[in-house]
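J.: One structure, as C-alpha cells, below. Some questions next.
Readers should treat all values here as calculations from the given coordinates under stated rules, not as data from a laboratory. Since the model is a prediction, treat every value here as computed from it, not as a measurement. Reconstructed Cβ throughout: ideal geometry from the backbone, glycine too, with neighbour counts over all protein chains shown.
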Amino acid sequence: MSLRREHVSLVLSVIALQAMMTVPASAADSVYTDLDLDRCKTVTSDDMGAVLTCTGYRSYQVHFSEGDLRQSVFYGPIRKDILEQGFESFEPFNRVNNRIEWRVDGTGKPYAAILRWFIENVGENGVPDEKSLGQVLVISRVAQPNDRMGCVVGYVDALANPQSNELARAVADKYATSFACMEQEALWHGRRGDKAADATHSWPGEETETEVEQ
C-alpha cells in the first residue's frame, strides 16, 4: 500500500470512529490540566516507587503509581481495591507526560482522559535512547461516583499515526462511557509501529500481569 493510500485509510478510520461516537459530537469537548507530580500528595512510597494523589479536573482526581520505573494512572473516584492492586502500564521502563486531555460532555463532566506515555525501549547499544523512544497516547475511562470504575480503554501509537490526537479523541468518545473495566480488553487503534511496546495490566485478584499484544 502506498503512503498516500495508507494516510487516506487512517483518515477514514478516524471519520468512521467519529461517526459512531457514543457521546454526541456537539456535546463532546476537551479541557486540559497539568500533571505536576511534585505537587501531588504522597499516599505511600518505598525504594521501588510511590503512590500519589494529584489534582485533576474539577473534583476528579488523578491517581498516579510508579513501581520498578513503570508508571500507571487512574482517574476519578475509583474503587479502593483498584487503587491498591490495579496497575496498567507497559513492559519497558516508561514515564508519563505532564499534560492531560479530558474529554467532557455537554455538562462539563469528564468521561475520558488522554495522556501521552514515553516508552523507554532498549536501543541498539542495549540501553534506552532517544532514537528508540516510543510515544503512546493512552485513552482511559474516568471513574464516576455511581460506578467507581476506571481503566485504559485503548491505545494510539503517537509516532505511527499522523492524526494521533484526533484518533485518540475518537476512541475516547466511542468507547469510554460503555467500556467494561476488568472485563473488556483495551485495544490498539490505527497503525502500530515497533516502538509501541506491549501494554500490561494487573487487577485485584490476579496473580500475574496480562499483556495486550494486538
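J.: Could you tell me which GluC sites (Glu not before Pro) in the stretch 67-103 are loop residues by DSSP with no more than 10 other beta carbons within 10 angstrom of their beta carbon?
T.: Working: sites: 84, 88, 101; in loops: none.
Listed in order of number, the matching sites amount to none.
J.: Output ³J(HN,Hα) for the stretch 99-106: one whole-Hz value per residue in order, computed from phi by the Karplus curve 6.51 cos²θ - 1.76 cosθ + 1.60 with θ = phi - 60°, and x for Gly and Pro.
T.: 9, 10, 9, 9, 8, 10, 8, x
J.: Follow-up. Return the distance in nm (one decimal) between the two label points of a simple spin-label model at residue 198 and residue 34, each offset 7 Å from Cα along Cα→Cβ.
T.: 3.8 nm
J.: Once fully extended, how much extra length lies between residue 105 and residue 147, figured as 0.36 nm per residue of separation less the alpha-carbon to alpha-carbon distance?
T.: Values: separation 42, 0.36 × 42 = 15.12 nm, distance 1.73 nm.
Full-extension gain reported as 13.4 nm.
J.: When we measure straight from the Cα of residue 131, which lysines land under 20 angstrom away, once same-chain ones fewer than 8 places off are left out?
T.: The qualifying lysines are 195.
J.: Under a plain spin-label model, where a point goes 7 Å from the Cα along Cα-to-Cβ, how far apart in nm are residue 50 and residue 95?
T.: 1.4 nm
J.: Normalising by the residue count of the stretch 39-154, find the relative contact order in percent from Cα pairs under 8 Å and 6+ residues apart.
T.: Values: 249 pairs, mean separation 21.9, N = 116.
This gives 19 percent for the stretch 39-154.
J.: Something else: Between the DSSP loop rule and a limit of at most 11 other Cβ atoms within 10 Å, which chymotrypsin sites (Phe, Trp or Tyr not before Pro) in the stretch 115-214 are left?
T.: none
J.: Mind checking the full-extension length gain between residue 43 and residue 81? Use 0.36 nm per residue of separation minus the Cα-Cα distance, one decimal, nm. Present the calculation step by step, with values, prior to reporting the outcome.
T.: Values: separation 38, 0.36 × 38 = 13.68 nm, distance 1.45 nm.
Answer, rounded to one decimal: 12.2 nm.
J.: Taking R0 as 45 Å, what's the FRET efficiency between residue 59 and residue 131 from their Cβ-Cβ distance, rounded to 0.05?
T.: About 0.60, to the nearest 0.05.
J.: Among all the lysines, which ones have a C-alpha under 26 Å from residue 41's C-alpha, if same-chain residues fewer than 8 places away are not counted?
T.: 80, 109
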